[in-house]
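Chemist: Pasting in a structure now, in structure tokens, and then I'll have a few things to ask.
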Amino acid sequence: MCDVAVQPDQALDTPDPVDGAAFQRLTGVSDARLADLERFRELLTEWNAVMNLVGPASLPGFWNRHAWDSAQLLPLAPDALTWADLGAGAGLPGVVLAVMLKDRPGAKVHLVESMTKRCRFLYAVSETLDLPVEIHNARAEALDLKVDVVTARACAPMVRLLGFAQPYLRRGAEGWFLKGQDVASELVDASTYWNFQSDLRPSLSDPRGQIVHVRGLKSVRKV
């Protein structure tokens, strides 16, 4: 059973295109953290030339497609200090969140990625930017981490993603997941295997996107 609530439209009049200055206006991020994100953009571009991290066509729109898309999660859980990004890959949203949380005492983002070569990229970014992260070269469902929020972007369909997130949700985490326009059908499919409540928030970076808030997850049958 999937109980889905759709929130009223909360979209902002996002500047088009969103560049670094617009991102700073939208988020209130400091000059130092904006510089960190610019360096992350440079590293992502460099590594993407030799490794499939993100679609090359998305890089010119980094500030909206990647930075703002990731950063919009923070106001949804403003008191959260510990996050887990499942299938962290290119560090989206996890690296952006870590940069934004860098000045908050006690903050940590767990970057969970099963592919070793992508972990090498995450280590390079973490060391360069001195981020409050811990990188786990492991499958998400194999870990036993207690965090405030578990998140993911472009990781898996909801039916599988809920299985990856179950250990974190069971230990009290909130689930906030960045999804695309097909999320409603994904939630219906997931309800065959899981009981949960969810609500959808419109993405501020893409009118086609949705952010899914998940709670009360219980398994019904094996996926």
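Per-residue answers, yes or no, for (1) modelled with pLDDT under 95; (2) surrounded by fewer than 22 Cβ atoms within 10 Å (Cβ to Cβ); (3) over 23 Å from ARG171 (Cβ atoms); (4) not β-branched (Val, Ile, Thr):
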residue	(1), (2), (3), (4)
THR27	no, yes, yes, no
SER30	no, yes, yes, yes
THR45	no, yes, yes, no
GLY61	no, yes, yes, yes
ARG65	no, yes, yes, yes
LYS108	no, yes, no, yes
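Chemist: Are any residues in the range 209-221 surrounded by 12 or more Cβ atoms within 10 Å (Cβ to Cβ) and outside any strand (DSSP E or B), and if so, which ones?
Modeler: Across the range 209-221, the qualifying residues are GLY209, VAL220.
Chemist: Here's a follow-up. Taking the criterion of being in contact with a strand residue (DSSP E or B) (Cβ under 9 Å, 6 or more places away or on another chain), part of a helix (DSSP H, G or I) and either within 16 Å of GLU46 (Cα to Cα) or small (Gly, Ala, Ser) (or both), would at least one residue in the range 106-121 satisfy it?
Modeler: So far as the range 106-121 goes, yes, one or more of its residues are in contact with a strand residue (DSSP E or B) (Cβ under 9 Å, 6 or more places away or on another chain), part of a helix (DSSP H, G or I) and either within 16 Å of GLU46 (Cα to Cα) or small (Gly, Ala, Ser) (or both).
Chemist: Only residues that are of a type in the set (A, V, I, L, M) and loosely packed, with under 15 Cβ neighbours inside 10 Å: list them for the range 128-173, please.
Modeler: Of everything in the range 128-173, those that are of a type in the set (A, V, I, L, M) and loosely packed, with under 15 Cβ neighbours inside 10 Å turn out to be ALA138, ALA142, ALA154.
Chemist: Checking the structure you have, find out if any residue of the range 78-88 is within 24 Å of PRO157 (Cβ to Cβ), assigned to a helix (DSSP H, G or I), charged (D, E, K, R) and at pLDDT 95 or above.
Modeler: no
Chemist: Among what's in the range 43-78 and is within 20 Å of THR27 (Cα to Cα) and of a type in the set (Gly, Ala, Ser), pick the residue that is farthest from the chain's Cα centre (by Cα).
Modeler: Only one residue tops the list, namely GLY61.
One line per residue, one yes/no per condition, for (1) at pLDDT 95 or above; (2) in a loop (DSSP other than H, G, I, E, B); (3) under 24 Å from ALA67 (Cβ atoms); (4) of a type in the set (S, T, N, Q):
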residue	(1), (2), (3), (4)
VAL159	yes, no, no, no
ALA165	yes, no, yes, no
LEU169	yes, no, no, no
LEU178	yes, no, yes, no
LEU187	yes, no, no, no
PHE196	yes, no, no, no
VAL223	no, yes, no, no
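The values are calculated or read from the model by the stated rules, or taken from the named source; none is laboratory data. Remember, it's a predicted structure, so these values are computed and weren't measured experimentally. Positions of Cβ are backbone-derived with ideal geometry, glycine not excepted, and every protein chain shown enters the neighbour counts.
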